[in-house]
Amino acid sequence: MFVMTWSAIVGTIAALCTTLAFWPQLLKVRRQGGAGLSWSMLSMYLAGQFLWLLYGVLNDARAVIAANLASIVLVSAIVILKVRADRRPVRRRLRIAIDMDEVMADALAEHVRRYNAAFGAQLTIADLHGRSLEGHVPAAHRAATEALLDASFFRDLAVMADCQDVIRDLAGRHDVFVVTAAMDVPVSFDAKYQWLQEHFPFIPPSRFVFCGDKGLIDADYLIDDRSRHFDRFKGRPLLYSAPHNAAETRYPRVGSWAEIRALFANVDGAGAAGHGAAGSSRWLQPRERSL
Ligand SMILES: [Mg+2]
């Protein structure tokens with residue numbers, strides 16, 4: 001009659017615990033990859049198990065042989081999953097920061113309309129090629145022109161053509177943030193918030209950034225019509241064409257949201273920018289950024 005001694009019972013339970021301990025680890029590596037597992041630990045552990053297996057064979061210790069064979073199978077499976085996960089390209093969502101005025105919202109058209117109404121002028125957008133509205137109007141009108149940017153100004157601006165569709169698409173694949181230098185016109189906060197909620201309900205308010213200095217924005221790309229915001233920005237700048245920036249040559253530019261759609265069509269989180277549409281080029285490669 002087979003009778004297990006206490007020492008045999010303790011040894012069997014110990015062997016089951018140390019062997020099966022790798023089962024939850026195997027499931028975790030299968031789900032999440034094995035980035036947190038040390039190669040040194042795995043190789044030393046496997047070497048130890050092979051030596052225990054050899055010990056079991058030399059001493060005809062069947063329990064030792066069985067326990068270590070099972071452990072070797074489990075740890076080898078973990079190693080295989082880790083190798084596969086490590087070879088898989090890391091794909092992450094890009095972070096794209098987008099300016100509001102003259103990029104998402106047609107602020108210039110409204111400003112010109114209000115200026116013409118206030119001063120009985122016939123100014124057109126074409127008249128502003130290479131300069132700002134404030135820079136173009138007579139000095140006597142300058143303060144009044146700036147004062148046109150009141151609390152109501154930003155509430156009913158027209159949305160730029162294709163902007164909603166392209167941003168909806170980008171937001172589905174990447175992390176999109178609306179980044180506006182609202183500190184330039186502090187009374188604009190509420191109107192800008194309402195405008196974004198009405199026209200871009202698919203962007204959560206937690207991704208609205210009302211700021212002054214865009215140099216603190218940690219994003220892969222900044223799409224903006226004001227090149228001064230690129231001075232201290234550490235990601236990739238993309239200048240959105242506007243009459244006032246016509247002479248700017250330092251940055252890659254786009255003239256429409258259709259161009260932006262084409263530019264980002266083949267960009268993914270792994271940084272594999274395509275080379276098909278709208279001049280995808282080296283600048284489009286996202287910089288390395290720790291998340
Ligand atoms: Mg702007």
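The values are calculated or read from the model by the stated rules, or taken from the named source; none is laboratory data. Computed from a predicted structure; not experimentally measured. Heads up, the Cβs are rebuilt from the backbone with ideal geometry, glycines too, and the neighbour counts pull from every protein chain shown.
With the stretch 93-152 as the region, which helices (runs of 4 or more DSSP H) entirely inside it contain at least 3 residues that are more than 15 Å from the ligand (Cβ to nearest atom) and modelled with pLDDT of 95 or more? Full working, then the answer.
Numbers: elements: 107-119, 133-136, 139-147.
Helices (runs of 4 or more DSSP H) meeting the threshold: 107-119.
Per-residue answers, yes or no, for (1) touching a residue at least 40 places away in the same chain (Cβ under 8 Å); (2) crowded, with 18+ Cβ neighbours inside 10 Å; (3) farther than 30 Å from A265 by Cβ; (4) aliphatic (A, V, I, L, M):
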{"position": "Q25", "(1), (2), (3), (4)": "yes, no, yes, no"}
{"position": "L42", "(1), (2), (3), (4)": "yes, no, yes, yes"}
{"position": "F50", "(1), (2), (3), (4)": "no, no, yes, no"}
{"position": "I78", "(1), (2), (3), (4)": "yes, yes, yes, yes"}
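Looking at the stretch 210-220, is at least one residue under 16 Å from M104 (Cβ atoms), within 18 Å of the chain's Cα centre (by Cα) and in a helix (DSSP H, G or I)?
Yes, there is a match, as at least one residue in the stretch 210-220 is under 16 Å from M104 (Cβ atoms), within 18 Å of the chain's Cα centre (by Cα) and in a helix (DSSP H, G or I).
Out of everything in the stretch 27-38 that is of a type outside the set (K, R) and free of Cβ contacts under 8 Å to residues at least 24 places away in the same chain, what residue ends up being surrounded by the most Cβ atoms within 10 Å (Cβ to Cβ)?
The residue in question is L27.
Across the stretch 184-203, what is the total count of residues that are within 22 Å of the chain's Cα centre (by Cα), within 15 Å of the ligand (Cβ to nearest atom) and surrounded by fewer than 14 Cβ atoms within 10 Å (Cβ to Cβ)?
So the answer is 0.
Would you mind stating whether G11 is modelled with pLDDT under 85, closer than 13 Å to A77 by Cα and not hydrophobic (A, V, I, L, M, F, W, C)? Break it down stepwise before answering.
Details: modelled with pLDDT under 85: yes; closer than 13 Å to A77 by Cα: no; not hydrophobic (A, V, I, L, M, F, W, C): yes.
No.
If we scan the stretch 263-275, do we find a residue that is at pLDDT 90 or above, farther than 20 Å from R92 by Cα and surrounded by 17 or more Cβ atoms within 10 Å (Cβ to Cβ)?
no
Look through H111, H199 and report the one residue that is out of contact with any strand residue (DSSP E or B) (no Cβ under 7 Å at 6 or more places or on another chain) and either closer than 25 Å to G255 by Cβ or among the aliphatic types (A, V, I, L, M) (or both).
Answer to the selection: H111.
Counting only residues that are more than 16 Å from the ligand (Cβ to nearest atom) and in a helix (DSSP H, G or I), how many does the stretch 167-183 have?
Qualifying residue count for the region: 6.
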